[in-house]
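Heads up: the structure comes next, in structure tokens.
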Amino acid sequence: MFSVRPLTPNLGAEIRGVDFAHELDEKTFRALYRAFLRYQVLLFPPQDLSPGRQVAFARRFGEVQVHVMNQYHADGYPELYRLSNLDEHGKPSGRHPDRGTLAWHTDGSWQRVTGQATIIYGEVMPDSGGETHFCDMYGAYERLDAAWKGRIANLRAVHNLDFSRTRRHGEDPLTEAQRLAKPPVDHPVVRTHPETRRKCLYLGDHAESIVGMPYAEGRALIEELNALAVHADLSYEHHWRPRELIVWDNRCVMHRATAYDAATQGRVIRRCTVLGEVPA
Ligand SMILES: [Fe+2]
């Protein structure tokens, strides 16, 4: 059907032999979904993938998010979100399209119903930099000592896109309508993956404060846990080739992009995020 090659001893697998030119049959999709749950990050080798086929593939996972930041919608598909540093002449503009992606985070944690799979197709990739790194949030939780686990067992964190995007990274501020559409929400700091039933740490860069804790104390706790969550031996660092496709499970990994020279190198990705559930 397809072959699976683990990318690290812990997470990530390369999947060969899936042809996205056609709708996947149910048996193939179920097997892919099992691999998604097992490996957390799936990499597909370079191939052509039209925007329509990407959205169709995403819909197999569940309901696809229409992102509130509607200036990024791509190719007539409101489900697709394109991040590009190219200007209208196709030349690198020098402007990084989303600096927030450089910090470890999990997609859609700023919504009540958070991100399940993120599905990214790399249209243009720089020769160096612009990597995507993944870390395992099951492992992040399991490696905390008993004192930490006890301390955070019942905590909830407030996730806020306006915080992470506007105040922290100095991006274009959200419009008033976008801000009203996406007020801060709170989620458990330790969530149980709804399908594998394993516990994972759930924080990242959108997490602003801890419910019931003084603001500064909550900020410090979040910063400390976000740093503790990343273990080199539980991570996968991907250097992209153009036209690769990557799918990951936001419920149990954090990810970040690395910097690249946006003045001389192009980087264009086409992304969609599948909605999951309210974390518990
Ligand atoms: Fe992201």
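Quick notes on this structure:
- Cα centre as origin, Lys/Arg/Asp/Glu Cβ charges: region 125-266 dipole, Debye: 540
- Around the Cα centre of the chain, unit charges on the Cβ atoms of Lys, Arg, Asp and Glu (plus for the first two, minus for the last two) sum to a dipole of about 580 debye.
- Sites Arg16 and Ala103, calculated FRET efficiency, Cβ-Cβ separation with R0 25 Å, nearest 0.05: 0.20
- With the highest mean first, a sort of the peptides 80-88, 114-122 on other beta-carbon atoms found within 10 angstrom per residue produces 114-122, 80-88.
- With the simple model of a label 7 Å out from the Cα in the direction of the Cβ, Ala259 to Val278 spans 4.1 nm.
- When only Cα pairs below 8 angstrom with a gap of at least 6 residues are kept, the chain shows a relative contact order of 35 percent.
- For region 142-280, the gyration tensor built on C-alpha atoms gives an oblate shape. Its axis ratio a/c (a ≥ b ≥ c) is at least 1.5, and a/b is not larger than b/c.
- Each label point was placed 7 Å from the Cα along the Cα-to-Cβ direction; for Arg34 and Ala181 their separation is 3.9 nm.
- With the charge dipole of region 80-191 set up from +1 on Lys and Arg Cβ and -1 on Asp and Glu Cβ about the Cα centre, the Cα lying farthest toward the positive end among the listed residues Gln178, Ile152, Gln111 is that of Ile152.
- Stretch gain in nm, segment Glu142-Glu217, where the contour uses 0.36 nm per residue and the Cα spacing is subtracted: 24.7 nm
- The simple Förster model, with R0 at 35 Å and r as the Cβ-Cβ distance, assigns Arg243 and Glu195 a FRET efficiency of 0.75.
- Build a GNM of the chain with springs between Cα atoms under 10 Å apart, and of Arg99, Arg197, Arg60 the one that fluctuates most is Arg197.
- Rounded, prolate or oblate (a/c below 1.5 giving rounded, otherwise prolate when a/b exceeds b/c) for region 1-143 by Cα gyration tensor: rounded
- Taking each DSSP H run with n ≥ 4 as -39500 (n - 2.57) and averaging over every residue of the chain yields -6000 deg cm²/dmol at 222 nm.
- Cβ-based charge dipole, region 1-99, positive-most Cα from Pro45, Leu32, Gly12: Gly12
- Of the accessible area of the chain, computed with a 1.4 Å probe over protein heavy atoms only, carbon and sulfur atoms account for 51 percent.
- The dipole here belongs to region 130-201: it is taken about the Cα centre, uses +1 on the Cβ of Lys and Arg and -1 on the Cβ of Asp and Glu, and is about 360 debye.
- Taking the Kirkwood radius as Rh and the Cα radius of gyration as Rg, the chain has a ratio of Rg/Rh equal to 0.95.
- With the convex hull of the Cα atoms taken as the outline of region 72-209, the averaged projected area works out to 10.4 nm².
- Region 59-129: C-alpha gyration tensor shape, a/c 1.5 cut-off, then a/b vs b/c: prolate
- Under the Karplus curve 6.51 cos²θ - 1.76 cosθ + 1.60, θ = phi - 60°, whole-Hz ³J(HN,Hα) for region 211-220, x wherever Gly or Pro sits: 4, x, 10, x, 3, 5, 5, x, 4, 5
- Accessible surface, region 95-231, averaged per residue in Å² (probe 1.4 Å): 40
- Comparing mean-square fluctuations of Ala58, Ala216, Ala146 from a GNM of the chain with C-alpha springs under 10 Å, the top value falls on Ala146.
- The chain: most fluctuating residue of Gly139, Gly94, Gly108 per GNM, C-alpha cutoff 10 Å: Gly94
The values are calculated or read from the model by the stated rules, or taken from the named source; none is laboratory data. For clarity, every value in this text was computed on a predicted model and none was experimentally measured. For neighbour counting, all protein chains shown are included, and Cβ atoms are generated from backbone atoms with ideal geometry for every residue, glycine included. Please note that ligands, DNA and RNA were not included when accessible areas were found on the heavy atoms of the full protein model with its side chains. Shrake-Rupley method; radii C 1.70, N 1.55, O 1.52, S 1.80 Å.
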